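Just so you know, all these numbers are worked out from the coordinates, no wet-lab data involved. Source: prediction; values computed, not measured. Neighbour counts are summed over all protein chains in view; Cβ atoms, including those assigned to glycine, are modelled from backbone coordinates with ideal geometry.
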Amino acid sequence: MPKHYLITGGAGFIGSHLTERMLKDGHRVTIIDDFNTYYDPEIKWQNIAKVRKVITLVEGDIRDAILVERTFAKGQFDHIIHIAARAGVRPSIKDPKPYFTTNIDGTFNLLDACRYHGVKNFTFASSSSVYGVNKKVPFAETDALYRTISPYAATKLAGEQICSNYAHLFGIHCQCLRFFTVYGPRQRPDLAISKFTKRILAGEPIQQYGDGSSARDYTYVEDIINGIAAAANYTESDFEIFNLGGSATTSLSELIKLIEKAVGKKAIIEQLPDQQGDVPLTYADVSKAEKLLSYVPQTPIDQGIGKYVDWLKSTAN
């Protein structure tokens, strides 16, 4: 049965892919996006250019409680998928305030609007950063979370707890999805794969923080979208947390080699000290998502990097 989805951050990297998926599945979509200047807003406008005429666009900030209230009053939504956030670990250390106001206050505004407008389904985009420096691998949803190491991570963990409160107190079905390093077409320009690929293609040096041994569980965007869509249909309990990852790790040195191979050029590497707030490893245990959502990542990192490079070349001016 077709639903009306509100997708926050719907013009961004993940949000625009999700918008297209929901439209393809026959649903109605409204998006909220503030088109802020964290990176060039024109990128977001390009992301939604093909769907602009078939969606409802609310240009605004989720920190604006009045805007959120008016959007809900008009929208009659069946389900909220909350992707919007101030993103990035390193920028959150330099300027934490907008992370707390957007990622915590904004999430509260949306959940409180759900409460008063009878919206019973809420999917929240969390992050693998909540695991901090977790020495147990792979990371499982049942792992104890003793310490986050960046304001960004702290706000995502707080968002999960607010979801838990509203699920328990007001019967809103909440799914919190811990994303593990999402990449692919339309990836934000500040992320490593995007920056490295563009610089290698241009013959410019890339900055490698640390000795290259740090490792990430990279997840292709199509796999993430499949996971979100499956979670949005999960109503067996009022609150669940799911890891959505690629279920494999790739070191920074290995990642650079994969990009070099896909691009066909060697990287000029400028090695720098480890960055404050970065964790040494992320690695998702996706067995819970596989069992309850039938989530199985389909795109290994070498194939995903190849797809990303092909897309990037196809969009080059």
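Things to note:
- Only one entry in 136, 97, 120 is in contact with an Asp or Glu (Cβ under 7 Å, 6 or more places away or on another chain) and of a type in the set (D, E, K, R), namely 136.
- The set of residues in the range 279-306 that are in contact with a Ser or Thr (Cβ under 9 Å, 6 or more places away or on another chain) and buried (at least 18 other Cβ atoms within 10 Å of the Cβ) comprises 279, 281, 282, 283, 284, 285, 286, 297, 299, 301, 304, 305.
- Picking from residues in the range 59-73 that are hydrophobic (A, V, I, L, M, F, W, C) and more than 20 Å from the chain's Cα centre (by Cα), the one that is surrounded by the most Cβ atoms within 10 Å (Cβ to Cβ) is 68.
- Matching residues in the range 293-303 - criterion: being in contact with a strand residue (DSSP E or B) (Cβ under 7 Å, 6 or more places away or on another chain) and part of a helix (DSSP H, G or I): 293, 301
- Enumeration of residues in the range 246-283 that are in a helix (DSSP H, G or I) and among the charged types (D, E, K, R): 254, 257, 260, 261
- Test result for residue 156, surrounded by fewer than 17 Cβ atoms within 10 Å (Cβ to Cβ) and either assigned to a loop (DSSP other than H, G, I, E, B) or in contact (Cβ under 8 Å) with a residue 24 or more places away in the chain (or both): no
- Failed item in (1) out of contact with any Ser or Thr (no Cβ under 9 Å at 6 or more places or on another chain); (2) assigned to a loop (DSSP other than H, G, I, E, B); (3) within 23 Å of residue 313 (Cα to Cα); (4) polar (S, T, N, Q), with residue 187 passing the rest: (1)
- For residue 123, the requirement of being among the hydroxyl-bearing types (Ser, Thr, Tyr), under 14 Å from residue 174 (Cα atoms) and in contact with a Ser or Thr (Cβ under 9 Å, 6 or more places away or on another chain) is not met.
- Residues satisfying the criterion are absent from the range 86-94 (criterion: touching a helix residue (DSSP H, G or I) at 6+ places or on another chain (Cβ under 9 Å), in contact (Cβ under 8 Å) with a residue 60 or more places away in the chain and closer than 24 Å to residue 287 by Cβ).
- Residues of the range 252-291 classified as hydroxyl-bearing (Ser, Thr, Tyr) and within 21 Å of residue 153 (Cα to Cα), total: 2
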